Each structure stands twice: as structure tokens, then as C-alpha cells.
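The values are calculated or read from the model by the stated rules, or taken from the named source; none is laboratory data. Since the model is a prediction, treat every value here as computed from it, not as a measurement. Cβ coordinates were reconstructed from backbone atoms using ideal geometry, including for glycine residues, and neighbour counts include every protein chain displayed. Please note that ligands, DNA and RNA were not included when accessible areas were found on the heavy atoms of the full protein model with its side chains. Shrake-Rupley method; radii C 1.70, N 1.55, O 1.52, S 1.80 Å.
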Amino acid sequence: MSSIQQLFEKASTFVKELSKPFVGRDEEALVVSLGVLTGEHVILVGEPGTAKSAMARRAAELINARFFKYLLTRFTEPDELFGPIDINALKMGKYVRITSNKLPEAEIAFIDEIFNANSAILNTLLTLMNERIIYDGYNEIRVPLWTLISASNNVPDEPELQALYDRFLFRHFVKPVEEDKWSSLLDAAWEIEVRGFGATRPVLSMDEIRELYKLVLSVDVNSVKEKVLRLFAIFEDQGIHITDRRKGKSLKALAAMAVLNGRMRAVEEDLMVLKYVVARDREEYEKVYGILLEEVKASERLARELAEIENNVKEAFRYIGKLSDLDPRLVDYLRSFESVKERVKRLAEESGDQRIRERASKLLVEVEELIEVIRKKLSL
């Protein structure tokens, strides 16, 4: 069994190796990695030709997982995904599918244009993704699927597809490579044409992926839970609805982000992962991203302000200790730190960040002690 530090390093290597052949696809590699670490599913929404299927295949190769890939059309039959009926078994009155090299045997799968699924495929996919079970005739087949990565050109509007779309915990809206990277894109594409992708050496095994999954579930998320609840309220106020399923799984996403950053404790910066969980479409993504930037940066700003006050209090203790009693300068210090006290008190009572509140409460005690020292020197 690998040590925690070894698992951290292997997870980091996985993300780097996943993005290596692809120009400008670091974020896509991160989202796929989050899906793999959590055993959750990933949907990549964007135009064709943006390396979605190639990245899914590379993810499987990097963990030496059994892989299945298929492009759905409106005419795709269940047999194409789940395997044909065994005619010989059927003659003996048994309903059995031949699942060799089909979706029921895959650990990592890629389904392109998944929202083309007809009702027969759709119903099977729902239980496959949620329960890792296929109900086929009278049979209940447990499948080894770990992560399903899918792609679509568009977000579905049809009501019957919303349940399927909600099964994808991680959603990412893929953009074409930016202009400043076009030259690198040409070079990389030419290299692939000339030499191919070459053999991919696995950096993780499925057993290690399961160990990482246990690690994710052991991450301390208590320090960010209250902030997550506050963000949920803000999103809802802004008209961004989050299903109960997604709310419930959000802490898992935060924990996975912490593990990828080599930590067993979630911190505020991990909240940025919610942009892959909350947003339903590109428009919501921009709103969610803006809210997260504002809220996370606000806490960072308050943390810097508290740090500055803490330094001022320490300096004041040293300086005031050298002043004689009834020194006129003590009056100015008293007025100044009475104002500081009110500011810190408000932060301790009103901040939506538990860490900020705890830090402010501790600092408030120090400020009150300093004020008491000043008052004694002034004989008040």
C-alpha cells in the first residue's frame, strides 16, 4: 500500500501526464482527474475537435484501466453498447448478453454525444451511472465502471435528459485553443502526425485509484462547510439552482481538489472547484465563476486585514509598554484601538467564513487587553 505522500505525488503526476500531449488543455485534464479521483462522472461540452475523446482514452491508459468508447446517434441500439444477445443461451431459455469489450466491462468509458441516447439506452445509462448496475431482462449485472466521461456539443434542453445530465458531477465547457497558443498547437499536432502518441506508461493502477478515493473521503472539510452553505445561498439568490444531488456531492469535489493540492484538509482556495459542479451552462458558469472570485478574494482580503491588525497590536503592546503613565499619546492610541475593536468585532460576528470569524474573535481578545493596558496607564 502506498503512503499518503506517495499517493499525493502520483495524483499530481497523473494530472500533468494527462495534459502533456494536449496544448491548452490543462483545465480539461484537471476536471477529468477530479472525476477519476472521486469515481464520479464528467461531461465535456464543446465543439468537435477539442481533444475530448483523446483525453478520455489517455486517462484510461495512465491507470491501465479497461476502456470503452462509443459515439451515440439517434439510431444506436442497446446491443452496440451493452453487447449482443447470446443466441445459443436464448435457445436454452436464458437471456444473456455477450459483454466482451463492451460498456459493462469497462472501468473508464467515453460516450460521445451522449444526449442522443434513445429511451432504451437512457434508462440503462441512468442506473449504470448511479448504481453501477445494468438491469437486463431478468438479470441484475453489477459493472466495474469507475468513471464515465462524456461529450456533447450542447447542453440538453429536453426534460427527459435532465436526470442524465445531473448524473455528471463535473461539467466543463470546453473552448477552442486561444490564439497565443496556435503555434504550439500546430507543432504538437504535427508531432502527433509524424510520431503518433506513442506508448503511454501507466502512472497509477486501479488499486491506487481506490486508495486515492479513500483518501478523498478522509479529507477534513469542516473548515469550509459553512462557507459552502453561504455560497449555495448566494447562488440561489442569483437564480442559479443546484439540485440536492449536487449539493450533497460538493464536499467530495472540494476534498478531491485538496488531495490534488497535496493536502488532507480543504481550504478556501478549493472552493473554486465549485465552478465545475454548480453551473448548468456557459452563461451560469460565468456567473458562478464571478461569484467565487468575489467571495474567495473577499476572504483573502479580510485575512490580510486581520494580519495587519495583528501586527499593529503587537507593535502597540511593545511601544505602549515604554510610555510613561498619563503620556498624551496614550489618548490617541485609546481612540484608535477603540475603532479597531469595533471593526474586529463586526468581522467576528458577521463574516461568512468560519476561519475569519475564529481569527477575528481571538484578535478581539488581544485588542481588548491592549485597550485595558492603555486605560490603566491613563488611570481610567
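Below are the figures for this structure:
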{"quantity": "Accessible area per residue, Å², the chain with all protein chains present, probe 1.4 Å", "calculated": "51"}
{"quantity": "Mean separation of Cα contacts under 8 Å (6+ apart) over length of the stretch 59-126, as relative contact order %", "calculated": "44"}
{"quantity": "Cα centroid of the stretch 77-136 to Cα centroid of the stretch 212-280, whole Å", "calculated": "32"}
{"quantity": "Compactness relative to 2.2 N^0.38 Å, alpha carbon Rg of the stretch 70-170", "calculated": "1.08"}
{"quantity": "Cα-based shape type of the stretch 179-290, given that a ≥ b ≥ c are square roots of the gyration tensor eigenvalues and the cut on a/c is 1.5", "calculated": "oblate"}
{"quantity": "Highest-first arrangement of 18-25, 111-118, 222-229, where packing means the average Cβ count within 10 Å", "calculated": "111-118, 18-25, 222-229"}
{"quantity": "Computed over the chain: relative contact order in percent, which uses C-alpha pairs under 8 Å that are six or more apart", "calculated": "18"}
{"quantity": "Phi-based couplings in Hz for the stretch 158-165 (Karplus 6.51, -1.76, 1.60; Gly and Pro marked x)", "calculated": "5, x, 5, 9, 5, 5, 5, 4"}
{"quantity": "Cα shape, the stretch 76-122, gyration tensor, a/c 1.5 rule", "calculated": "oblate"}
{"quantity": "Per-peptide average of other Cβ atoms within 10 Å, ordering 146-152, 188-194, 206-212, 374-380 highest first", "calculated": "146-152, 206-212, 374-380, 188-194"}
{"quantity": "Among E80, E269, E308: highest mean-square fluctuation, GNM of the chain, C-alpha pairs under 10 Å", "calculated": "E308"}
{"quantity": "Cβ-placed point charges (K, R +1; D, E -1), dipole of the stretch 320-372 about Cα centre in debye, nearest 20", "calculated": "240"}
{"quantity": "The stretch 224-348: radius of gyration and largest Cα-Cα distance (Dmax), Å", "calculated": "20.8, 66"}
{"quantity": "Projected label distance in nm at S12 and L186, using a 7 Å step from Cα toward the beta-carbon", "calculated": "3.5"}
{"quantity": "Simple label model, 7 Å out from Cα along Cβ direction - I87 to R335, nm", "calculated": "9.8"}
{"quantity": "Computed FRET value (nearest 0.05) for E80 with L229, which takes r as the C-beta separation and R₀ as 35 Å", "calculated": "0.20"}
{"quantity": "Peptides ranked, highest mean first, by Cβ atoms within 10 Å: ranges 51-57, 29-35, 337-343", "calculated": "29-35, 51-57, 337-343"}
